[in-house]
Every structure is written in structure tokens, then in C-alpha cells.
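Below: one structure, written as C-alpha cells.
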Amino acid sequence: MTFNDLTLIEPILEALDKKGYKLPTPIQQKAIPPILAGRDVLGCAQTGTGKTAAFAIPILQILDKQQRTDKRVISTLILTPTRELAIQIEENIVDYGASLRSSYCVIFGGVSQQQQIQRLKKGVDILVATPGRLLDLHQQGFIDLKNIKQFVLDEADRMLDMGFIHDVKRVIQLIPKNRQTLFFSATMPKTIQQLANSILQNPVTVTVAPVSSATEKVEQRLYFAEKEEKRTVLTQLITESNCNSILVFTRTKHGADKVAKFLNKVKISAAAIHGNKTQNARQKALNDFKDGKLRVLVATDIVARGIDINELELVINYEIPNISETYVHRIGRTGRAGNSGLAISLCEESEKPYVRDIEKIMGRKISVLTVKK
């Protein structure tokens, strides 16, 4: 199947071809036709499966075929949990709709609202937003949501994890009931399933990449190291690897800062990225990492969920997550788009039960290796 088979319009096909996107991913194959047909969609798919294109491409096509008025009003709202993900969604929309007439705007907290307000005043078709800043600007009277025709809720389970679920419900109360809703989540816990049931009308369900399958193309290694040994082992693994793009996970923001500081001290270029950093600092670190100026990015789980890096060579779990699905999300950052990937985990004694839970959910053992002295 090609994008042509999905009956996409020529400007979008040209934009995809220019970016080197030849074939639709499974979620794009399954989601684009019903979205173009105006159906609600419930998508269960992990980050890195091509989910953004699955909803952005048909939305752009729908908007391009709609009748235009002189005054632009927000007709599509895309709600997403993190600033990084919001920025990346907008970047993708800009790429796919390069030669279309639709206008776009992204808003998020952590930065001055003035520039965002000025952009909104000019009128936009598609608004990409995080919940807090959206509600704030709506309350101030800068955002009108009564003309929403398409509503996308992205990373719904992460919204729940970050405590945004009540904000999401407030947003839903502000938009028209007669709309098309596209609901995406990597997992479907009971609370998220209930939310989906309450806002979707006769949806087409699209399920791609069950939890275990994301790990199949990733080589996994496990090293046992006590807490006081981890820095030394981490340094040795990075130094001995041929990898130039390495994502290191910690459980806490403070831990991310400490690891990044230590790596720089031993002459390994690194930066930490987490929720306490300013938006500018986070974006600079991410851009420097993508541009090859940094070899290592040290991240917490919530922020890393919004990081989209296609050719990430190595993921290192400096600390093992206590939720098995989080491990799968972490290592799924590598091994994308048909590439092979490598994930290394450093496990201290207290983390061994977490490893057993992870192996249980994957249905496979992780290879245990010993660091060479």
C-alpha cells in the first residue's frame, strides 16, 4: 500500500514524498480512511508508530476541502500533554501542509503568553495546545472553542499520569458536542477507557503495536550494579560504545541533573531535560542533541514521552522503572522505522523485582552481561 491508495490530495502526497515518506505505517493505513470519512477513531498505539501523521494528514485534507471565510476560526483542536510533543505535532503539520492554505498555532505553558496571543489574534485553523495554557487563555477570552469540528486527544494515558485528566474534561465541556473526535492512547487503563466511551460516538477502533511487540527489534542487555557503582558503569558503557545519540533515563528530575553533571565532568557531552527546566532550556537541549552537539540526553519519563528522535542508537535505563509499561515505552525510543536498536539497563539489588515484572510482561528474559574490569 502507498499513500496514494489512501486517496490523499496531491499537495500532501508531494509533501510526504519530499520528506521521504514512501509507505504508510500500519496505524496510518488503518486510521486515515475512517478519519477522512468523518468517523470518530479510538487509536491504541505507542509513540513512534506514526500516530501524529495518522491524524494530522487527514485533518489537513479535510480542512483544505472546507469552504473558507475571510475570518479564520479554530476548527481543529489537538490537545497533548507536553510542550515538546505539542511543538513536534505543529512541526509535522507544517511539513505535511507546506503548500496548503491552513494556518496553525501551538500554545503551551512555561513561556510568555504574549507571542501566542498575537498569533491567535490573526486567526488559526488548527490549534495545538497543552491543557493548562489552553484553559488559561480561554478564560482570558483569547480563545474561542465554539467552532471546533475536529478534536484530537493525544497521549490520553499520559494526560492521566500527569494529573491533567480533570483539565481534559473541562476542555471537552467547552467544545461542541457535534464534532469528530480522535482519541489516541498508548495504553487503555480503565479510567482512559471510560473517558473514551464518554466522548466517542460509534468509533472505529484502531490497535497497533501491542505492548510486547515494541521490544522485538530492540536488543536488550542487563548489567547488575549497585547504586554507588552505576556512574562508573554508565561512563564505561558510553565510552566503549560507538553510539553518538544516547538517551539515558532516570526516575527523578534531580537524578537527571546529577547524571548529566557527572557525565560532563568526565568529558561526555550531556544535558538534562525535565519538567523543572525552562521551555527554552528544554528545547535547546533537544535541538543540540538532534544536531549532534550533545552525545547524551538525560531525561525523565514524562518529558521523554514527547521526544521524537528517529535514529536514536542507544537507550540506557540508569534506573529501572517500577512500572513495566514504562520500560517498554523507554526502550521503544530506539529501534524505530525498521532500524535495529539497543537498550541497556543498570539494575541494583532493590530493582530486581521490577526486572522480573518487565520480563513477565514481555514474555522473555533480558540478557545479563558483566562489565569488563
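The values are calculated or read from the model by the stated rules, or taken from the named source; none is laboratory data. Predicted, not measured: the structure shown is a model, and the values here were computed from it. Glycine also receives a Cβ, built like all others from the backbone with ideal geometry; neighbour counts cover every protein chain displayed.
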Next on the checklist: Scan the stretch 73-80 and tell me whether some residue there is in the same structural domain as T181 (by TED's automatic domain parsing), at pLDDT below 90, assigned to a loop (DSSP other than H, G, I, E, B) and within 19 Å of the chain's Cα centre (by Cα).
Outcome noted: no
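Does the stretch 259-270 contain any residue that is in contact (Cβ under 8 Å) with a residue 40 or more places away in the chain and over 30 Å from G109 (Cα atoms)? Reasoning before the result, please.
Step one: list which residues in the stretch 259-270 are in contact (Cβ under 8 Å) with a residue 40 or more places away in the chain, which gives 259.
After this cut, where a residue has to be over 30 Å from G109 (Cα atoms) as well, the list is none.
Looking through the stretch 259-270, none of the residues is in contact (Cβ under 8 Å) with a residue 40 or more places away in the chain and over 30 Å from G109 (Cα atoms).
I need a count of the residues in the stretch 95-116 that are more than 22 Å from Q139 (Cβ to Cβ) and part of a strand (DSSP E or B). Write out each step before concluding.
As a first pass, look at the stretch 95-116 and keep what is more than 22 Å from Q139 (Cβ to Cβ): 95-104.
Still in the running and part of a strand (DSSP E or B): 104.
The total comes to 1.
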Checklist entry - For the stretch 284-300, which residues satisfy the criterion of being in contact (Cβ under 8 Å) with a residue 40 or more places away in the chain and either hydroxyl-bearing (S, T, Y) or crowded, with 20+ Cβ neighbours inside 10 Å (or both)? => result L286, F289, V296, L297, V298, A299, T300
Checklist entry - How many residues are touching a helix residue (DSSP H, G or I) at 6+ places or on another chain (Cβ under 6 Å) and more than 19 Å from I143 (Cβ to Cβ) when one looks only at the stretch 72-94? => result 1
Item to check | Those residues of the stretch 254-270 which are at pLDDT below 95 and among the small types (G, A, S), in sequence order | outcome: G255, A256
Next on the checklist: When the residues of the stretch 171-191 are narrowed to those that are at pLDDT 95 or above and touching a His at 6+ places or on another chain (Cβ under 9 Å), which ends up surrounded by the fewest Cβ atoms within 10 Å (Cβ to Cβ)?
Outcome noted: L174
Item to check | the stretch 114-131: number of residues that are out of contact with any Leu (no Cβ under 6 Å at 6 or more places or on another chain) and either more than 24 Å from I273 (Cβ to Cβ) or surrounded by fewer than 16 Cβ atoms within 10 Å (Cβ to Cβ) (or both) | outcome: 11
Checklist entry - Is there any pair linking a residue in the stretch 348-362 that is touching a residue at least 12 places away in the same chain (Cβ under 8 Å) to one that is among the charged types (D, E, K, R) and outside any helix (DSSP H, G or I), with Cβ under 8 Å and at least six apart or on different chains, and which? => result E348/E226; E349/E226; E351/E319
Next on the checklist: Could you check the stretch 11-32 and list, in sequence order, the residues that are crowded, with 16+ Cβ neighbours inside 10 Å and assigned to a helix (DSSP H, G or I)?
Outcome noted: P11, I12, L13, A15, L16, P26, I27, Q28, Q29, K30, A31, I32
Next on the checklist: Just to check your reading of the model, which residue among R231, R221, R251 is at pLDDT below 90 and basic (K, R)?
Outcome noted: R251
Checklist outcome for this item: Within the stretch 220-239, the count of residues that are farther than 21 Å from Y354 by Cα and either in contact (Cβ under 8 Å) with a residue 40 or more places away in the chain or surrounded by 15 or more Cβ atoms within 10 Å (Cβ to Cβ) (or both) comes to 4
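Hey, can you tell me all the residues within the stretch 189-210 that are without any contact (Cβ under 8 Å) to a residue 60 or more places away in the chain, closer than 27 Å to G332 by Cα and among the aliphatic types (A, V, I, L, M)? Steps first, please.
If we filter the stretch 189-210 for residues that are without any contact (Cβ under 8 Å) to a residue 60 or more places away in the chain, which is where we start, we get 189-195, 197-199, 210.
Now drop any that are not closer than 27 Å to G332 by Cα, which leaves 189-195, 210.
Within the stretch 189-210, I192, L195 qualify.
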Checklist entry - Does at least one position in the stretch 350-364 carry a residue that is touching a helix residue (DSSP H, G or I) at 6+ places or on another chain (Cβ under 6 Å) and modelled with pLDDT of 90 or more? => result no
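Could you identify the single residue in A281, A256 that is within 22 Å of the chain's Cα centre (by Cα), surrounded by fewer than 16 Cβ atoms within 10 Å (Cβ to Cβ), aliphatic (A, V, I, L, M) and not in a strand (DSSP E or B)? Walk me through how you get there before you give the answer.
Values: A256 fails: surrounded by fewer than 16 Cβ atoms within 10 Å (Cβ to Cβ).
One residue alone meets the criteria, A281.
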Item to check | Top-ranked residue of the stretch 123-174 - restricted to ones that are in contact with a strand residue (DSSP E or B) (Cβ under 6 Å, 6 or more places away or on another chain) and assigned to a loop (DSSP other than H, G, I, E, B), ranked as nearest to A37 (Cα to Cα) | outcome: I148
